[in-house]
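The values are calculated or read from the model by the stated rules, or taken from the named source; none is laboratory data. Given the structure is predicted, the values throughout are model-derived calculations rather than measurements. Heads up, the Cβs are rebuilt from the backbone with ideal geometry, glycines too, and the neighbour counts pull from every protein chain shown. Note: areas computed on protein heavy atoms with side chains; ligands, DNA, RNA excluded. Shrake-Rupley method; radii C 1.70, N 1.55, O 1.52, S 1.80 Å.
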Amino acid sequence: STALYLRSKLEAGKNRLIERAALQFQALVDQLEAEQEITTPFSQRYTYFFAVPYPPVWEIDREQALLFAGLGAFKTAATIFERRAMKEELIMCLIQVGERKDAEALIIKGLEQTPNHPKLLCLLGDLHQNPS
């Protein structure tokens, strides 16, 4: 799995191999979701925690969604970001798709929780084309 992950990351940077990289990321996500059903005790897993440079499932999902966004499949990327509760990336995808009202609602909801969040303020300014 680690070798496939590293290979997918390398192929994602090449124009001819982007689609294959996206499919490989999907295979990794499917594999990890299937493995979550099999529960191995933590006492057995923690021994190898630092031995393998393998990211968590949400990071693989994030990379896959960013790859889809790079290919122009913003709706698919937005679905993945929404599933993983990655709000800032979801907002950027919604803006690209043209769902500006949904993006604005998410930004306002996020600003209610953290009023001075710089990224959300920048996204709101970009949405309204207001540099201030």
(request) Estimate the FRET efficiency between Y46 and S1 by the formula 1/(1 + (r/R0)^6), using the beta-carbon distance for r and 30 Å for R0, to the nearest 0.05. (result) 0.95
(request) Report, ordered by chain and residue number, the aspartates and glutamates lying within cross-link reach of K75, taken as a straight Cα distance under 18 Å and ignoring same-chain residues fewer than 8 apart. (result) E19, D61, E63, E88, E89, E99, D102, E104
(request) Express in Å², to the nearest 10, the accessible area of F42 obtained by rolling a 1.4 Å probe over the protein heavy atoms while all chains stay in place. (result) 140
(message) List the lysines whose Cα sits under 20 Å from the Cα of K119, skipping any in the same chain fewer than 8 residues away.
(response) K87, K101, K109
(message) Only Cα pairs within less than 10 Å get springs; with that Gaussian network setup on the chain, which residue of V52, V29, V97 has the largest fluctuation?
(response) V52
(request) State the label only: which of [x] 17.5; [y] 15.3; [z] 16.6 corresponds to Kirkwood radius over Cα pairs in Å computed from the shown model? (result) [z]
(request) Could you state the angle between the C-alpha long axis of helix 57-71 and the longest principal axis of the C-alpha atoms of the chain, as a value from 0 to 90 degrees rounded to the nearest 10? (result) 60
(message) Before I look further, what does the chain give for accessible area per residue, probe 1.4 Å, in whole square angstrom?
(response) 68
(message) Which one, L66, L28, L121, has the greatest fluctuation when you compute a Gaussian network model over the chain with C-alpha springs under 10 angstrom?
(response) L121
(request) With springs only between Cα atoms under 10 Å apart, run a GNM on the chain and tell me which of E89, E99, E11 wobbles the most. (result) E99
(request) Heavy atoms only, probe 1.4 angstrom, no DNA, RNA or ligands counted: give me Y46, Y5 ranked by accessible area, highest first. (result) Y46, Y5
